[in-house]
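*Asks:* Quick one: this structure, given as structure tokens, is what I'll be asking you about.
The values are calculated or read from the model by the stated rules, or taken from the named source; none is laboratory data. What you are looking at is a predicted structure, and each value in this text was computed from that prediction instead of being measured. No Cβ is skipped: glycine too gets one built from the backbone with ideal geometry, and neighbour counts run over all protein chains shown. Heavy atoms of the whole protein, side chains included, go into the accessibility calculation; ligands, DNA and RNA do not. Shrake-Rupley method; radii C 1.70, N 1.55, O 1.52, S 1.80 Å.
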Amino acid sequence: MMPLLLCLCIISAVLFSGCSRLLPPPGHDKTRSFESRCKPPSIHRNVSLTALEGPVGESGVVTEDLPDPEGFSLRALDAAYAIEALPLLRELHALQQEGGTDGITLLTIREKLVGRILLGIEEVNSLVAEIDCEADRANQVADRLQDENAGRVRYETLSAIVVAGVAAVASGGALLAGLTALEAAAAIGGGTVAAGLATLPLFAETHQEYSHPRNLLREVWEGPKTSSLVPSSVWRYLTRQTKTELDGSTYRAELIKAWRQEGRLGEPDSDIEQKRLALFFREGGVYELQDLRARAAMLKILASTVELMHQDLEMLIRQVLIQQALAK
């Protein structure tokens with residue numbers, strides 16, 4: 001019976017040798033493309049078109065001296081400000097109110113205005129595509145950790161069944177041989193190891209190194225005056241003290257509030273919060289499954305917030321077309 005007891009000891013030593021495991025990156029994680037595949041092409045995203053054109057409009061007036069146009073919602077005006085189209089909107093509205101203006105001048109202003117709106121829509125689409133790509137990348141790594149955890153659960157459950165069977169055989173053999181003390185030892189030892197194996201998945205942790213050098217979450221969290229990662233139009237939209245719907249707050253502030261309220265950073269002042277603050281808003285680190293899921297969820301919330309700008313730009317172009325129809 002001693003070999004069976006020795007077997008139980010060896011099995012328990014091997015299986016309890018560690019509950020935490022750091023997975024090596026898979027083949028595609030070792031390549032630079034896995035970390036940079038979501039990065040947009042290098043384009044002049046932060047060039048101010050208004051600064052290039054100067055303060056004088058097509059009609060020869062200084063657009064800054066013109067009042068905000070009437071007939072546009074506050075959300076539409078916020079969108080116009082974000083894409084630096086407010087001077088064009090002011091000039092267009094002023095010329096339409098005057099009447100009898102050269103049609104070529106009006107057409108030129110409208111073309112520029114529509115071009116700005118379309119560019120703003122494409123910048124929103126590009127950023128949302130990058131955010132969704134980053135969220136999918138985090139979920140891809142999380143799926144790997146989840147599969148690894150599921151495999152460990154199956155392995156440890158099967159091991160618990162095997163250990164319980166070995167303990168039953170040892171206990172039965174001891175009983176037949178009249179060795180009651182050995183029977184008790186086998187039953188106690190086998191039951192202890194089997195119970196440990198059954199509860200081991202509750203404490204098992206699987207980790208993986210995960211990098212995000214182009215960190216959009218950090219950009220939102222730190223809130224610089226100008227962003228090197230987010231298109232300038234979208235950044236103005238997220239950080240402007242808006243008058244609509246948010247009671248003087250900004251979309252960026254509401255976004256951070258949503259992250260906290262939904263528990264993506266963990267409970268305030270908890271160890272999980274401190275860990276995630278260090279992970280999420282730097283260039284990467286060792287992630288657990290739930291950390292990756294929380295990061296992906298935060299990116300999805302960011303994407304849905306950015307998409308609000310798409311709605312406002314659609315509202316703006318509709319109101320421009322309505323004003324154009326009314327001016328005829």
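*Asks:* Could you pull the accessible area for Thr226 with a 1.4 Å probe, rounded to 10 Å²?
*Replies:* 110
*Asks:* Find the percent of Cα-Cα distances in the stretch 287-328 that exceed 15 Å, and round it to a whole number.
*Replies:* Result: 62 percent of Cα pairs exceed 15 Å.
*Asks:* For the stretch 301-306, take each phi angle, set θ = phi - 60°, evaluate the Karplus expression 6.51 cos²θ - 1.76 cosθ + 1.60, and give the result in whole Hz per residue in order, putting x for glycine and proline.
*Replies:* Along the stretch 301-306, the couplings run 5, 4, 4, 5, 5, 4 Hz.
*Asks:* Along the Cα-to-Cβ line of Ser73, 7 Å from the Cα, sits a label point; which residues in the stretch 295-323 have backbone N less than 18 Å from it?
*Replies:* 305-323
*Asks:* With each pseudo-label sitting 7 Å past Cα toward Cβ, what's the Asp271-Lys225 distance in nm, one decimal?
*Replies:* Output for this residue pair reads 4.1 nm.
*Asks:* Oh, and also: With Cβ to Cβ distances under 11 Å as the rule, what net charge do the other residues near Ile272 carry (K, R +1; D, E -1)?
*Replies:* -3
*Asks:* How big is the accessible area of Lys300 in square angstrom, nearest 10, if you roll a 1.4 angstrom probe over the protein chains?
*Replies:* For Lys300, the solvent-accessible surface is approximately 90 Å².
*Asks:* Ranked highest first by the average count of other Cβ atoms within 10 Å around their residues, in what order do 87-93, 122-128 fall?
*Replies:* Per-residue Cβ counts within 10 Å, averaged per peptide and sorted highest first, yield 87-93, 122-128.
*Asks:* With labels modelled as points extended 7 Å from the Cα through the Cβ direction, what inter-label distance (nm, one decimal) is found for Gln311 paired with Val114?
*Replies:* Using points 7 Å along Cα→Cβ, the separation is 2.6 nm.
*Asks:* Shifting gears a bit: Which order do the peptides 132-138, 219-225 come out in when sorted by mean C-beta neighbours inside 10 angstrom, highest first?
*Replies:* 132-138, 219-225
*Asks:* Where Lys and Arg each count +1 and Asp and Glu each count -1, what net charge lies around Lys225 among other residues with Cβ under 13 Å from its Cβ?
*Replies:* +1
*Asks:* Further question: Could you give the length gained by full extension between Gln97 and Ile322, i.e. 0.36 nm per residue of separation minus their alpha carbon distance, to one decimal place?
*Replies:* Gain on extension, Gln97 to Ile322, equals 79.6 nm.
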